[in-house]
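See structure below.
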Amino acid sequence: MHPSEIDQTLASMCVLVDTREQPTDISERRYAQFERPYRREKLNVGDYSAEFQMPEGKIVSLKDAVVVERKNSIDELCMCFTSQRGRFEREFKRAAESGIKIYLLVENATFEGVYNGKYRSHMLPNALAASILAWLSRYNCVLIFCKAETSGKLIRDILHYEMREALERMVDYG
């Protein structure tokens with residue numbers, strides 16, 4: 001694939017937003033950060049993915065290859081490791097069994113906040129850190145902590161560069 005075709009494909013990006021993501025003023029601000037069109041669609045795993053139009057017109061979706069699972073805080077992540085652990089684990093197992101790479105994006109969080117107990121859950125800091133690190137290893141996911149005001153840009157860029165890397169592996173400069 002020629003570099004100009006890669007650029008053309010990447011410019012066609014449409015972000016897929018899971019239908020279970022609740023539309024709010026905050027989510028609308030996040031979607032505006034995509035600076036790309038987006039469409040609500042049921043995703044089997046994760047909150048966000050993307051699709052692209054190839055130069056010959058074929059639509060290629062990443063939803064069965066790469067997704068972003070977003071949590072708005074350490075508090076929400078704690079719920080995923082406690083009261084909602086079964087559902088959370090089933091989602092990550094489905095992804096692993098299907099070969100889907102998950103980026104776990106946690107807003108307003110840092111490892112310092114985890115280790116220092118800067119959250120409202122009764123989950124102990126060492127237990128939370130252990131759950132996070134075991135999850136990363138067990139499900140081969142990528143953890144990113146960020147501020148809420150950059151999450152939309154990060155989601156867009158993660159999906160953009162995942163597709164760029166896939167397209168560059170198909171290089172045919174013939």
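Quick note: the coordinates plus some simple rules give every number you see, no bench work behind them. Just so we're clear, the structure is a prediction, and the values are computed from it rather than from any experiment. Counting neighbours? That spans all protein chains shown, and the Cβs are built from the backbone with ideal geometry, glycine included.
Quick rundown of the values:
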quantity	calculated
Full-extension gain in nm, ALA11 to ARG29, via 0.36 nm per residue minus C-alpha separation	4.4 nm
Angle between the chain longest axis and helix 151-169 axis [Cα atoms, degrees, rounded to 10]	50
For the chain, the longest site-free run once GluC sites (Glu not before Pro) in DSSP loop states with at most 13 other Cβ atoms within 10 Å are removed	57-174
Only Lys, Arg (+1) and Asp, Glu (-1) charged, at Cβ; segment 128-174 dipole about Cα centre in debye	200
Inter-probe distance in nm under a simple model that places probes 7 Å from Cα toward Cβ, at ILE59 and ALA96	3.2
Mean ellipticity per residue at 222 nm, deg cm²/dmol - from DSSP H runs of n ≥ 4 across the chain, formula -39500 (n - 2.57)	-14000 deg cm²/dmol
Options SER98, SER49, SER61, ranked by Cα towards positive dipole end of segment 1-100, top entry (Cβ charges)	SER98
Rounded if a/c under 1.5, otherwise prolate or oblate - segment 31-98, Cα gyration tensor axes	oblate
Lysine pairs with alpha-carbon atoms under 30 Å apart, the chain, spacing 8 or more or separate chains	29
Spin-label model distance (nm) - ASN44 vs ARG87, 7 Å beyond Cα toward Cβ	2.0
Column: log10 I(q)/I(0), Debye, Cα scatterers of segment 1-75, q = 0.19, 0.22 Å⁻¹	-0.82, -1.02
Antiparallel bridge percentage (DSSP; both residues within the chain; nearest 5)	35
Dipole in debye (nearest 20) - segment 1-67, about Cα centre, beta carbon charges: Lys, Arg +1; Asp, Glu -1	180
The chain: Cα Rg divided by the 2.2 N^0.38 Å rule of thumb	1.09
